[in-house]
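Each remark here refers to the structure printed beneath this line.
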Amino acid sequence: MSKQRYVLRLADTSLILAQRLGEWIGHAPALEEDLGLANTALDLLGQARLLLTYAGELEGLGRDADALAFLRSEAEFCNLQLAEQPNGDFGNTLVRQFLIDAFQLELYEGLLQSGDARLAEIAAQVLRETRYHFRYSSGWVIRLGDGTDESHARVQAALDRLWPFTREFFDADEIDTQMCTAGVAPDLSTVQRGWSARVGAALSEATLERPQDTPFAWYGKRGQHSEHLGHLLAELQYMQRAYPGASW
Amino acid sequence: MYTQGLDSPGTVDLPAPAADRQALERRFQARVDAEEKIEPKDWMPDAYRQTLIRQISQHAHSEIVGMLPEGNWITRAPSLLRKSILIAKVQDEGGHGLYLYSAAETLGVSRDEMFQQLLAGTAKYSSIFNYPTPTWADVGAIGWLVDGAAIMNQIPLCRCSYGPYSRAMIRVCKEESFHQRQGFEIMLRLARGTTAQQQMAQAALNRWWWPSLMMFGPSDTDSTHNEQSTRWKIKRFTNDELRQKFVDFTVPQADFLGLKIPDPKLRWDEASQHYRCGEIDWTEFKNVLKGHGPCNQERLAARRRAYEEGQWVREAALAHAAKQKLRTGRAAA
Amino acid sequence: MKPEKPDWPLYEVFIRPRGGLDHKHAGSLHATDAQMALEHARDLYTRRLEGVSIWVVRAMDIVASDPSDADALFEPARDKVYRHPTFYKIPDEVETL
């Protein structure tokens, strides 16, 4: 069951983040960014479907990707809390994206060596997409950090606001430890070193100050969510809840 | 040659003696008659240029405003696959807007100018996007009917005389048929689903049928631009011809779905081998065009908000690029 | 209306759809720097596997021939039909030419 929960964590983070990006389409600062954000959303959604399908198989209760996405309640979701945070302005969205992209990049590079063949295969695809996502999001963090005074202030504020949520990435709990021991998942301290270097380099180029680490210990991966998730799921799940059993 | 050439006076009709001007116009018309493509820096009558700027920019505005009624359902799409498909479709529409703005820019107008006209409410866009999408079935109806109607209009434009517009339309048409199919597939699932789903589909058809017919524009007798546009091969079929074709294609599709077209006067005319429709309510069309449709204000407000709230982002990107340029300049020195 | 705001510069995009083929002009887009232009080009023009290589060029850096020079530049080639293989009548018995 640990592996099933582990995979679900990966799946839910991609799903919830995709849902957030979907809110932007048609409202971005430039048409080109509507396309860029849609591209990331589509990739994340594809990843979510692959991972949810796998999680459903591991669970063995006959739940497919849609059943898991549309019919679970808040406490059953194990996405990183950062993913469910509201979009805010474009800077906030891109900082959130950048922090998670850097994490996914390091994590999935580690998962390429996973003892679980299915995960390793999924990781290869995710990695190709995530390299592009990181390029896109870090590019924007740099432009906005080292742009105008206003853009700098906005993204510094976003970074300060969102930084506490990154603690959850690297704080290994029993599932993380078990998966690492079993050779399924990489060691989170290795992932953290890679993440820290990547993020540090980009922040420096962006002339942004790296915030202090804070002891924020409410972890989405353990089902501890903010108030935002409920609203997000109400929208995500509405149709299937309103028309139970229907096929679309 | 594809450059916008805002810096060079390609847009200005250099004053020429009347005889020269007539010769230029004759040569221009001869090229058009011979199905030659007119390219950006070629000589063209100013009226041709202005007509194209108006038509292409309206088309571009329609694509990007069109992202909104469907974008409305991205967060609530009823399955992960439908969500992916819808995002891809709306992304395509943004892309179409970009192709078309690019094509218009080759005629000497900037994207920002065109955008300002849209946001100020002085530019037109397809009236159909001023209607709401209150249910999921509306997303299906838009794909099936609105994209279907758009395809009717767009295929002939692939052969339009202006090179960049015709090339943009070829790209658009390749992508558009997926749009119509995904819409039809949504309707099919609904029509074959629960009673509630069937009712949802029928209600959506009732809402979108007449506005879709109005998409083809006023009846030929009331239409002003036709003759000149036809001579210049900007418009290759009349409004009524395209509308009739759309009806003839679509009625059997509705029959297949088991849905009823909301027109009590609709009948098959054996003599002409066409479907005949009831009267279109042109008052509604005119009101919507004037800005009194159900969602006109909201659509423009959404676009305005996105533009204004994104101002700091666009400025930051330019500022960063300027800083980079200075740095590489200093490094090179 | 706000005062004149600078637009993002215009770039022209050229895509090589598959190995072995030329880069072909695909259209234009707006961007502030080369990385952004490449990303925009990728997102706009290669969603359906139509690209292995992208070139983006700032529109103002393109040097183009002037259409009014078309006669002088291109007409002289017209009467030199002997440059085309079809000009030459080769007897049918000679198969390999």
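Some points to look at:
- Stretching B:Ala34 away from B:Ala322 to a fully extended chain increases their span by 99.0 nm, per 0.36 nm per residue minus the current alpha-carbon distance.
- Longest to shortest principal axis, alpha-carbon extents of region A:45-132, angstrom: 41, 33, 18
- Separation of region A:215-237 from region B:110-137 is 36 Å, based on Cα centroids.
- Compared with the rule-of-thumb size 2.2 N^0.38 Å for a compact globular protein, the protein assembly as shown has a Cα radius of gyration ratio of 1.06.
- Region A:2-242: relative contact order in percent, alpha carbon pairs under 8 Å with at least 6 residues between: 26 percent
- Added length on full extension, which subtracts the Cα-Cα distance from 0.36 nm per residue, C:Ala34 to C:Asp7: 8.2 nm
- 17 Å cut-off, amide nitrogen to a point 7 angstrom out along B:Asn206 Cα→Cβ, residues in region B:239-265: B:258-265
- Residues of region B:227-242 with amide N under 18 Å of a point placed 7 Å along Cα→Cβ from B:Trp282: B:227, B:238-242
- Debye-sum result for region C:10-83 in log10 I(q)/I(0), which assumes one identical scatterer on each alpha carbon, at q = 0.19 Å⁻¹: -0.79
- Mean residue ellipticity at 222 nm, helices only, chain B: -21000 deg cm²/dmol; runs of at least 4 DSSP H residues each add -39,500 (n - 2.57), and the sum is divided by the number of residues.
- For B:Lys235, the residues 5 or more places off, or on other chains, whose built amide H falls under 5 Å of its own are B:Thr230.
- Take the Cα of B:Glu25, step 7 Å toward its Cβ, do the same at C:Val63, and the gap between the two points is 3.8 nm.
- Gap separating the Cα centres of region C:8-81 and region B:265-325, nearest whole Å: 30 Å
- Legend: calculated FRET efficiency, B:Glu241 to C:Ala72, from the Cβ-Cβ distance at R0 = 41 Å, rounded to 0.05, equals 0.40.
- The angle between the Cα long axis of helix C:34-45 and the main principal axis of chain C comes to about 70°, on a 0 to 90 degree scale.
- Listed residue pairs exceeding 21 Å between alpha carbons, taken from B:Lys124/B:Lys286; B:Lys41/C:Lys80; A:Lys3/A:Lys221: B:Lys41/C:Lys80
- From phi via Karplus (6.51, -1.76, 1.60), per-residue ³J(HN,Hα) for region B:289-299 in Hz, x at Gly/Pro: 4, 6, x, 9, x, x, 10, 3, 4, 4, 4
- For C:Leu10, the residues whose modelled amide H falls within less than 5 Å of its own, excluding neighbours fewer than 5 places apart on the same chain, are C:Ala59.
- ³J(HN,Hα), Karplus 6.51/-1.76/1.60, whole Hz, each residue of region A:21-37, x for Gly, Pro: 5, x, 5, 7, 5, x, 10, 6, x, 8, 3, 4, 6, 4, 5, x, 5
- For the pair region A:129-161 and region B:150-189, the centres of their Cα atoms are 37 angstrom apart.
- Based on the reciprocal of the average 1/r between different C-alpha atoms, the Kirkwood radius for region A:2-242 equals 18.0 Å.
- Helix axis angle, B:18-33 relative to chain B longest principal axis, alpha carbon, degrees: 40 degrees
- Relative contact order computed over region C:10-83 (Cα-Cα under 8 Å; 6+ residues apart), in percent: 34 percent
- Fluctuation leader among B:Gln154, B:Gln117, B:Gln22 - chain B, Gaussian network, Cα springs under 10 angstrom: B:Gln22
- Amide H partners (placed H, <5 Å) of C:Ser53, local residues excluded: C:Arg16
- Computed helical MRE - 222 nm, chain C, DSSP H runs ≥ 4 contributing -39500 (n - 2.57), nearest 500: -5000 deg cm²/dmol
- Using θ = phi - 60° in the Karplus curve 6.51 cos²θ - 1.76 cosθ + 1.60, the 3J(HN,Hα) couplings for region A:176-189 round to 4, 5, 4, 5, 5, 4, 6, x, 8, 10, x, 5, 5, 6 Hz; x is entered for Gly and Pro.
- Helix B:147-157 vs. chain B, principal-axis angle (Cα, 0 to 90°, nearest 10): 40 degrees
- Entry note: region B:193-333 has Rg to Rh equal to 1.22, where both radii use alpha-carbon atoms and Rh is the Kirkwood radius.
- About its Cα centre, the dipole of region C:10-83 is roughly 480 debye, where the only charges are +1 on Lys and Arg Cβ and -1 on Asp and Glu Cβ.
- Region A:55-104: C-alpha gyration tensor shape, a/c 1.5 cut-off, then a/b vs b/c: prolate
- With N as its number of residues, chain B has a Cα radius of gyration that, divided by 2.2 N^0.38 Å, comes to 1.11.
Coordinate-derived values only; no laboratory data. Predicted, not measured: the structure shown is a model, and the values here were computed from it. So basically every Cβ, Gly included, is an ideal-geometry build from the backbone, and we count neighbours across all protein chains shown.
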